[in-house]
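Chemist: One structure coming up, written as structure tokens, with questions to follow.
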């Protein structure tokens, strides 16, 4: 059959659109579709098989076979040529079908007189939801153009079925992986249990306009969207957004690879030429590519499925003009946000009154979105691989960020069990609340100061709610990270004043701007670095760009007039950096005095101990500091050369490794020697077992997420610190790689609540 007799796929698509608009039963419309395809393909038979929810394939419509076979012919998974195509998820043709080993003879169809057979899968999301076939009596080879035309028609059928356009979605499995209960495991990043409903951070675009009116117009639309997409990706990489080596940069690099791939663009153009809209062409190529990759055994190739989906979704959003996130929409009262990855500013866009939980496919426990999730007090887990493939907006979901479990579309039994767990957790929280005004004093009389970490105004109510002694770490960079422009002096001053006003007589430690590395400012052009975590960041950037540093210091001094001001300097690696920073601060104080402005009642400058090199300079640094804070997150990642944002290595070394604990013991001894107040900030402080070890080493001031204050205080009230210190001294001399189990045994023996 010459190509010219295919009848132009565009004409067939137009006729399909007319059928969709007719007010007839689902069966009548399917019957008409079969007639149209047979006529267009000059085929004597056209049959439509759809997958039912039991995975069998049922003949739903036919032109040419016995009408009595419709709804009476069922094929088991993998049975016959139709079943083979469904499993392989790729087009197949057979010039003499009856002699193929997989041929399944069904006498009720009357198909024994037909020899040539062409079948294509009806794909949705890369999964087979049906098979579309044509047959002829003569033995013949179908052309590539005919195969392409049938594939395009199958794609349109899939979208019509999934959208309800053919009225059969209740009978068939249009979304085979999103209709059953599913359980996932992940890494908890913010404790809690949340029962709610799924909200997709980047909503899927539903393609409703499938058939093009003007093919050339669609080609121009697609070319413009691709250019915008590639420009956006290239721009992010060049500016340094997500420049830190690791998962985020790998995602962007994969996006760029696919976006610039000539084969991908060629397939899109071929799909357009069959008469599809730009959106439908993207969907068609995505379906075909996903189907191919789903059946590969190479795990790396299967991992690229996410990149295909992300890239296609971004392109669809550009084409549809809906490039925003779900934050702009109406959230349910119990929203659980699902995303591949997310920045802290994006999470803060959501209505905090409606947000119950967060689930990420990628990201580490020490990432900045994790910090914000803990500040919001929402249950959150990360490293939940494949969850985006398994959920739909509105699905019931349970986030167990204590056990690291996620339940999608849970059974009633699971819901009941977690409802009990939520009630138990509420009772436990009530017990912690009862301790709010109880001083954190160990059984042997050691007073432990418990502070909270904060970074934004909405953190401040946690100060009273938790009963904390103050703010041990205020991350000033979060204000910068969520702003589209550099916060001016007046803006910074207002924020810092509000924080000091709320804290009252309780101390607040402001960490000076700690950006760079994995903390990229949206308005700041940063150069690409091979190792940004140990590159141009924090105090290094402040000293090289003193105007930024001085503006912040000026704002802090103005906000603190008449009150005590504590400023902590991050990432100090050499005593000279502390000297240089103090000189800049002294200069701003002198300017304040010359202009007759009110001064702080007292000014304390602290050094953050997080770079291992400082361990051998403590006798020089501490006499120059009014206080010191250990940044345990960075100190541990630098000690073990394990990037805390890289999941392949971040969990490789336990924070209770004797080497890390010995480094902390050295710092405690030096601080005691020089009589310098010492605090530890970081993830270790917020976990009862780790906090117990820290107190055993001699720390008497720690700072943590607000939700951790209650559990840590309960641990302290049941602890004999002197007893622990003696046991810890013995344990530190052991050869184990972790003291975790030893410390658990100690807690169990002594009745310490961990």
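Chemist: Please enumerate the residues belonging to region 616-655 that are within 29 Å of residue 189 (Cβ to Cβ) and assigned to a helix (DSSP H, G or I).
Modeler: Within region 616-655, 632, 633, 634, 635, 636, 637, 638, 639 qualify.
Chemist: Would you be able to tell me the number of residues in region 556-571 that are within 14 Å of residue 491 (Cα to Cα) and surrounded by fewer than 23 Cβ atoms within 10 Å (Cβ to Cβ)?
Modeler: Number satisfying all stated conditions: 2.
Chemist: Right, another one. Which number in (1) assigned to a helix (DSSP H, G or I); (2) farther than 30 Å from residue 195 by Cβ; (3) at pLDDT below 70 marks the one condition that residue 281 misses?
Modeler: Checking residue 281 against (1) assigned to a helix (DSSP H, G or I); (2) farther than 30 Å from residue 195 by Cβ; (3) at pLDDT below 70, the one that fails is (3).
Chemist: Something else now. Would you confirm whether any residue within region 466-484 is modelled with pLDDT of 90 or more and assigned to a helix (DSSP H, G or I)?
Modeler: The answer is no, given that none of the residues of region 466-484 is modelled with pLDDT of 90 or more and assigned to a helix (DSSP H, G or I).
Here is a yes/no grid of residues against (1) buried (at least 21 other Cβ atoms within 10 Å of the Cβ); (2) modelled with pLDDT of 80 or more:
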{"residue": "338", "(1), (2)": "yes, yes"}
{"residue": "366", "(1), (2)": "no, no"}
{"residue": "369", "(1), (2)": "yes, no"}
{"residue": "372", "(1), (2)": "yes, no"}
{"residue": "397", "(1), (2)": "yes, yes"}
{"residue": "404", "(1), (2)": "no, yes"}
{"residue": "407", "(1), (2)": "no, yes"}
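Chemist: So, in region 100-129, exactly how many residues are under 19 Å from residue 52 (Cα atoms) and not in a loop (DSSP other than H, G, I, E, B)?
Modeler: 9
Chemist: On to the next question. Go through the residues of region 719-739 one by one and say whether even a single one is more than 32 Å from the chain's Cα centre (by Cα), over 30 Å from residue 625 (Cα atoms), crowded, with 22+ Cβ neighbours inside 10 Å and not assigned by TED's automatic domain parsing to the domain that holds residue 372.
Modeler: Yes: one or more hits.
Chemist: Of all the residues that make up region 448-465, how many are crowded, with 23+ Cβ neighbours inside 10 Å and under 19 Å from residue 692 (Cα atoms)?
Modeler: 5
Chemist: Okay, moving on. Pairs please, first residue from region 255-268 and closer than 18 Å to residue 152 by Cβ and in the same structural domain as residue 288 (by TED's automatic domain parsing), second anywhere and modelled with pLDDT under 80 and surrounded by 14 or more Cβ atoms within 10 Å (Cβ to Cβ), Cβ atoms under 7 Å, 6+ apart in sequence or on different chains.
Modeler: Between residues of region 255-268 that are closer than 18 Å to residue 152 by Cβ and in the same structural domain as residue 288 (by TED's automatic domain parsing) and residues that are modelled with pLDDT under 80 and surrounded by 14 or more Cβ atoms within 10 Å (Cβ to Cβ), the close pairs are 264/258.
Chemist: Okay, moving on. Taking region 673-686, which residues are touching a helix residue (DSSP H, G or I) at 6+ places or on another chain (Cβ under 7 Å) and part of a loop (DSSP other than H, G, I, E, B)?
Modeler: 674, 676, 682
Chemist: Here are some residues: 422, 415. Which one is more than 24 Å from the chain's Cα centre (by Cα) and closer than 26 Å to residue 465 by Cα?
Modeler: From the options 422, 415, the qualifying one is 422.
Chemist: Identify, from the list 442, 502, 485, the residue that is surrounded by fewer than 19 Cβ atoms within 10 Å (Cβ to Cβ) and more than 31 Å from the chain's Cα centre (by Cα).
Modeler: The unique qualifying residue is 502.
Chemist: Considering only region 4-96, give the helices (runs of 4 or more DSSP H) lying wholly within it that have at least 2 residues that are in contact with a helix residue (DSSP H, G or I) (Cβ under 7 Å, 6 or more places away or on another chain) and in contact (Cβ under 8 Å) with a residue 40 or more places away in the chain.
Modeler: The qualifying helices (runs of 4 or more DSSP H) are 9-21, 26-41.
Chemist: Which of the residues spanning region 387-420 are under 14 Å from residue 180 (Cβ atoms) and in a loop (DSSP other than H, G, I, E, B)?
Modeler: Within region 387-420, 391, 392, 395, 409, 410, 411 qualify.
Chemist: Sticking with this one: From the list 436, 425, which residue is outside any strand (DSSP E or B) and either in contact with a helix residue (DSSP H, G or I) (Cβ under 8 Å, 6 or more places away or on another chain) or free of Cβ contacts under 8 Å to residues at least 60 places away in the same chain (or both)?
Modeler: 436
Chemist: Continuing with this model, one more query. Take region 338-359 and flag every residue that is within 8 Å of the chain's Cα centre (by Cα) and either without any contact (Cβ under 8 Å) to a residue 40 or more places away in the chain or part of a loop (DSSP other than H, G, I, E, B) (or both).
Modeler: If the condition is that a residue be within 8 Å of the chain's Cα centre (by Cα) and either without any contact (Cβ under 8 Å) to a residue 40 or more places away in the chain or part of a loop (DSSP other than H, G, I, E, B) (or both), then 340, 341, 342 are the ones that fit.
The values are calculated or read from the model by the stated rules, or taken from the named source; none is laboratory data. All figures in this text were calculated on a predicted structure; none of them were measured in a lab. Note: ideal-geometry Cβ built from the backbone for every residue, glycine included; neighbour counts use all protein chains shown.
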